[in-house]
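**Student:** Quick one: the structure is below, and I'll ask about it shortly.
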Amino acid sequence: MNERSLILKAQKGEKEAFQDLIVFYYPYVSKFLFKLTNDSSLSEDLTQDTFVKLIRGIDRFDVRKKTAFSTWVMTIAKNCYLDFLRRSKPETLSFEEQDLPSSFDVQDRVLNRMQAEKLKKALESLPPEQAAAIRLKYCEQQTLREIADRFSCDPKTVKSRIHNGMTKLRKKLKRGLLL
């Protein structure tokens, strides 16, 4: 399969090229989404959404850039999953409207807040480029590409910064510095 020529044909609207691309990538996308959701029905729906978005947005993929088509497809799939999570977030109720469980435990909330503060301080102890990459990835849910563009570096560099920073945080957790 010559992927580049299939993409170019699909961009011109050739249905057979779309069909070949979908047949090739369908197993990868559906397995990826099933691993994320652990729900076959939901992963099937998200897989279909992914390919609908792929078909609608194929013109935006630039075959001349270094970005692999597979990366682009999997990014669409990941974004479909994230969109699903955002849509399925429960509405926030005011304190008066909430049904507080009888086992409501203030102590757990205080401990969780204390741990979050210690984690924040540990994050601040990392080198600035590692801390910033971790915050952007996990707090702002940016992609490696978006973070790399922001810092004018390669996505692999961002991935390395995140990995090294997380390794340092885990070591601190194991030594009990965050608990």
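**Student:** Quick one: how many residues across region 43-56 are without any contact (Cβ under 8 Å) to a residue 24 or more places away in the chain and not polar (S, T, N, Q)?
**Tutor:** Residues in region 43-56 being without any contact (Cβ under 8 Å) to a residue 24 or more places away in the chain and not polar (S, T, N, Q): 4 in total.
**Student:** Of all residues in region 9-42, how many are under 15 Å from ASN79 (Cβ atoms) and free of Cβ contacts under 8 Å to residues at least 40 places away in the same chain?
**Tutor:** The qualifying residues number 0.
For (1) over 23 Å from ALA148 (Cβ atoms); (2) at pLDDT 90 or above; (3) out of contact with any Gly (no Cβ under 6 Å at 6 or more places or on another chain); (4) not assigned by TED's automatic domain parsing to the domain that holds TYR138, each residue gets a yes or a no:
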residue	(1), (2), (3), (4)
THR37	yes, no, yes, yes
GLU44	yes, yes, yes, yes
GLN48	yes, yes, yes, yes
ILE55	yes, no, yes, yes
LYS65	no, no, yes, yes
ALA68	no, no, yes, yes
THR71	no, no, yes, yes
CYS80	no, yes, yes, yes
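**Student:** GLU129 passes all but one of (1) more than 18 Å from LEU169 (Cβ to Cβ); (2) of a type in the set (Asp, Glu); (3) at pLDDT 80 or above; which number fails?
**Tutor:** Among (1) more than 18 Å from LEU169 (Cβ to Cβ); (2) of a type in the set (Asp, Glu); (3) at pLDDT 80 or above, GLU129 violates only (1).
**Student:** Could you check region 3-55 and list, in sequence order, the residues that are over 17 Å from the mean Cα position of the chain (by Cα) and β-branched (Val, Ile, Thr)?
**Tutor:** ILE7, ILE22, VAL23, VAL52, ILE55
**Student:** Could you tell me which residue of region 138-152 is nearest to LEU82 (Cα to Cα), considering only residues that are of a type in the set (Asp, Glu) and assigned to a helix (DSSP H, G or I)?
**Tutor:** That would be GLU146.
The values are calculated or read from the model by the stated rules, or taken from the named source; none is laboratory data. Here the structure is a predicted model, which is why all the values come from computation and not from measurement. Cβ atoms come from the backbone with ideal geometry, glycine included; neighbour counts cover every protein chain shown.
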